[in-house]
Structures are given as structure tokens and as C-alpha cells.
């Protein structure tokens with residue numbers, strides 16, 4: 001069985017919430033109702049129906065594991081059960097690969113489930129006293145069994161930006177850890193006491209040497225790999241000389257639309273796949289058409 005999906009194609013995966021998270025219903029037995037639909041997941045892999053659809057099981061067919069109440073979609077309760085590894089007969093597929101193929105409703109539920117599952121797996125002990133924690137509120141809270149502190153899921157804000165210059169060229173970066181030919185927009189985590197706009201300017205200058213002036217908000221995307229919120233911006237360069245840091249960023253370049261299309265079609269410039277990340281959407285917003293070639 002599959003949850004109902006919207007016919008609208010989102011500009012990138014996880015672009016908006018479609019389900020009611022129903023926080024007031026987060027009792028520890030919220031998934032025990034007869035109508036609940038259950039998604040099985042392990043790591044970032046989810047159960048599917050032999051292709052681009054999530055597999056939703058009735059409660060009685062779900063395996064044992066850690067339970068998370070996701071909320072309601074069209075009045076129907078949905079939950080997830082986290083297992084070490086999704087059984088092969090449930091056709092596990094990485095949500096990153098599946099994302100551009102799913103409808104917006106399934107994506108909304110899936111990103112919630114994967115994000116919560118990763119947080120639960122990462123926080124078995126209390127960061128204050130080191131005591132063991134137990135899961136409460138249908139998977140949305142961990143309470144320390146020693147000091148009693150409640151711990152809630154956290155999200156790390158990160159900025160991701162497409163910077164252009166006065167010639168309307170776009171700045172792309174190549175990280176040192178990436179294979180040859182892979183390029184993308186620049187990105188980085190927000191530091192304490194820093195605005196999002198200042199994080200854009202700092203990260204671009206640190207990684208590429210380019211100086212950014214005006215910064216404009218573009219959109220945001222939850223990215224549960226493991227717990228980020230990608231906040232997208234367009235930035236305008238005031239100084240265009242490139243000097244990469246040589247540590248995180250191995251190379252950077254300015255490209256025109258014509259150069260990007262030519263190199264993409266030749267396979268020498270590989271960009272984030274269209275429809276998956278906000279990075280590709282930022283590039284395509286500037287480019288005016290779909291990216292010619294992706295990482296996979």
C-alpha cells in the first residue's frame with residue numbers, strides 16, 4: 001500500500017511538509033490504532049514497492065523495532081518502525097536515490113521518519129551526565145534516566161548559495177574529497193552568534209576567496225543526512241579573484257551558462273542531480289533550464 005501522493009512535482013526533494021505532525025497525539029502507543037500505516041526503515045534506506053513508491057504496512061505486519069509516530073495524512077495516522085536493516089523482501093532503497101521519484105506526500109513523511117530515526121540512533125546517552133536515555137513522546141523525546149533531563153531533536157542550520165558576479169557568471173566549487181569532474185554550489189554550517197547572511201559571506205570567502213556583498217534568501221530544504229536544514233541564498237560578488245583554501249575546497253571556477261551547458265553535455269562538469277537537492281535548484285534557477293548531467 002502507498003500513501004496518496006500529489007501530482008505536483010516539487011522543485012527539489014523535501015521542499016515542504018504535506019502531513020500533519022499531530023504533536024498533541026504523540027502518546028507512546030500512538031501507533032497501535034487499527035488504521036495506522038507503517039513505514040519500515042533502517043539508516044537512510046526505506047521499504048518500497050518494487051520501484052518508486054514507499055511500502056506502507058498495516059500495524060500487524062510491521063516488524064519489531066523502534067517506533068516513531070509521524071502524524072496524520074488525510075486523516076490517516078502514519079508511523080515508522082526503525083530496524084537495523086530493512087529486510088530484502090521489503091525492497092530497501094536509499095531515500096536519497098528515491099527522492100526525485102516520489103510524490104510530495106510520501107517525501108514529507110519519509111524525510112520526517114529518516115531525520116527522527118537518525119537522531120534517536122545518535123543520542124542513546126545524556127550529553128549532560130552520560131546516563132542512559134529512554135524514548136518518550138512517540139519517538140520525539142529522549143529522557144535521561146539519571147538526571148531527568150529531556151532532550152529534543154536538533155537541527156543544524158547550514159547555508160548553501162549560488163554566487164554570481166557582474167558578468168552574471170556563477171561560482172562553482174570542487175571539494176577535495178570529491179571525484180574528478182564533480183562540482184556544486186558552495187555551502188557551510190552556521191556558527192554560533194552568526195546571521196545566515198553573514199554565514200554566506202564568511203563561507204564563500206573562506207573557501208574560495210571571493211567576496212560577497214548582497215545576499216538574498218531563496219528557499220530551504222531539510223536534509224536529514226544526518227540533521228541539517230539547508231538554507232539557500234543567492235549572493236552577489238563584489239570581488240571575483242579566486243583563492244581556494246586548499247583544505248575543504250580544492251578548486252573553484254566562474255562559469256557562464258554556455259560553458260556550464262557545454263561542459264555538462266561533455267560530461268566534464270557533473271552537478272547535483274536535478275530534483276534532489278536545493279543546490280541543483282539554485283543552479284537551474286540561474287541557468288533557466290535543467291542541469292544537463294548529474295552525479296548519478
Return yes or no: is residue 185 surrounded by fewer than 18 Cβ atoms within 10 Å (Cβ to Cβ) and either in contact (Cβ under 8 Å) with a residue 24 or more places away in the chain or touching a strand residue (DSSP E or B) at 6+ places or on another chain (Cβ under 7 Å) (or both)?
no
Taking the conditions exactly as written (under 21 Å from residue 284 (Cβ atoms), in the same structural domain as residue 281 (by TED's automatic domain parsing) and assigned to a strand (DSSP E or B)), does residue 204 satisfy them or not?
no
Consider only pairs whose beta carbons are under 7 Å apart and that are at least six residues apart or on different chains; among these, list those whose first residue lies in the stretch 40-63 and is more than 22 Å from residue 118 (Cβ to Cβ) and whose second residue is crowded, with 19+ Cβ neighbours inside 10 Å.
49/55; 52/98; 52/102; 59/31; 59/36; 59/38
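Residue by residue, here is whether (1) under 20 Å from the mean Cα position of the chain (by Cα); (2) surrounded by fewer than 20 Cβ atoms within 10 Å (Cβ to Cβ) holds:
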position	(1), (2)
214	no, yes
239	no, yes
242	no, yes
248	no, yes
252	no, no
256	no, yes
281	yes, no
284	yes, yes
Residue among 241, 198, 245 that alone is over 18 Å from residue 13 (Cα atoms), in a loop (DSSP other than H, G, I, E, B) and either modelled with pLDDT of 95 or more or touching a strand residue (DSSP E or B) at 6+ places or on another chain (Cβ under 8 Å) (or both):
241
Only one of (1) touching a strand residue (DSSP E or B) at 6+ places or on another chain (Cβ under 8 Å); (2) within 21 Å of residue 272 (Cα to Cα) fails for residue 155. Which number is that?
(2)
Could you tell me which of the residues 98, 102 is under 18 Å from the mean Cα position of the chain (by Cα), within 22 Å of residue 274 (Cα to Cα), in contact (Cβ under 8 Å) with a residue 60 or more places away in the chain and in the same structural domain as residue 26 (by TED's automatic domain parsing)?
102
Which members of the stretch 258-267 meet the condition of being in contact with a helix residue (DSSP H, G or I) (Cβ under 9 Å, 6 or more places away or on another chain) and surrounded by fewer than 19 Cβ atoms within 10 Å (Cβ to Cβ)?
261
If we only count strands (runs of 3 or more DSSP E) wholly inside the stretch 30-128, which ones have 1 or more residues that are in contact with a helix residue (DSSP H, G or I) (Cβ under 7 Å, 6 or more places away or on another chain) and crowded, with 18+ Cβ neighbours inside 10 Å?
37-42, 45-47, 66-73, 76-82
Out of all the residues in the stretch 161-169, is one or more under 30 Å from residue 114 (Cα atoms) and in contact with a strand residue (DSSP E or B) (Cβ under 6 Å, 6 or more places away or on another chain)?
yes
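The values are calculated or read from the model by the stated rules, or taken from the named source; none is laboratory data. This one's a predicted model, so the numbers in the text were calculated from it and none came from an experiment. Reconstructed Cβ throughout: ideal geometry from the backbone, glycine too, with neighbour counts over all protein chains shown.
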